[in-house]
Amino acid sequence: MQFPNVKEITTKELAQLLLVSAKPRPLVLDARSQIEYAVSHIETAAQIDALIPDLAVLSTVSKDRPIVVYCAVGYRSAKLAQQLNETGMKCIYNLSGGIFHWANEGRLIFKDDQSTQVVHPYNAIWGKLLKARYHAQEH
């Protein structure tokens, strides 16, 4: 495993955390590009640049608040989760399988506060991990 210090959270576990009125509620970060995020994302997710993350925006987040990071399949988010761990944040989790796994299970995804059925497939190779019915069409 390339990121041995990164804790994983399953899609089922995240769905449960988002359903219950857990305090504190997890901060969900989408580590995909703005183009991918614009197509769809998990409802409460905020987009963060995985290549050049603005970690200063997280300085106001309690170090004890759970943070769940995801991307398409889990690599970019695991890398970002590792960086967050190195800043001293305590409760960092990578969403196992990313948004592809989330969508493949039929879980809710959103675009502009509206439920949608499609996800950006990232590229032709990685997109094979996303069920065809969830592929956003190229514009």
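The values are calculated or read from the model by the stated rules, or taken from the named source; none is laboratory data. Predicted, not measured: the structure shown is a model, and the values here were computed from it. Because the Cβ atoms are built from the backbone with ideal geometry, glycine has one as well, and the counts that use them run over all protein chains shown.
Quick rundown of the values:
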quantity: Pairs with Cβ under 6 Å, 6+ apart, first in the range 94-119 and closer than 14 Å to A136 by Cβ and touching a residue at least 60 places away in the same chain (Cβ under 8 Å), second in a loop (DSSP other than H, G, I, E, B) and among the acidic types (D, E); calculated: F110/E43
quantity: Residues located in the range 12-31, provided they are touching a strand residue (DSSP E or B) at 6+ places or on another chain (Cβ under 7 Å) and under 20 Å from V118 (Cα atoms); calculated: L14, V28, L29, D30, A31
quantity: Strands (runs of 3 or more DSSP E) within the range 44-139 that include 3 or more residues surrounded by fewer than 20 Cβ atoms within 10 Å (Cβ to Cβ) and not charged (D, E, K, R); calculated: 114-116
quantity: Any hit, the range 23-40, residues being of a type outside the set (A, V, I, L, M, F, W, C), within 15 Å of Y93 (Cα to Cα), at pLDDT 90 or above and part of a loop (DSSP other than H, G, I, E, B); calculated: yes
quantity: Subset of the range 34-55 that is in contact (Cβ under 8 Å) with a residue 60 or more places away in the chain and touching a Lys or Arg at 6+ places or on another chain (Cβ under 9 Å) - its residue that is nearest to R107 (Cα to Cα); calculated: I42
quantity: Of all residues making up the range 64-86, the number that are of a type in the set (S, T, N, Q), touching a residue at least 40 places away in the same chain (Cβ under 8 Å) and more than 19 Å from V119 (Cβ to Cβ); calculated: 2
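Rundown of residues vs (1) exposed (fewer than 12 other Cβ atoms within 10 Å of the Cβ); (2) of a type outside the set (A, V, I, L, M, F, W, C); (3) more than 20 Å from V57 (Cα to Cα), yes/no style:
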| position | (1), (2), (3) |
| --- | --- |
| T11 | no, yes, yes |
| L18 | no, no, yes |
| P26 | no, yes, no |
| L29 | no, no, no |
| R32 | no, yes, no |
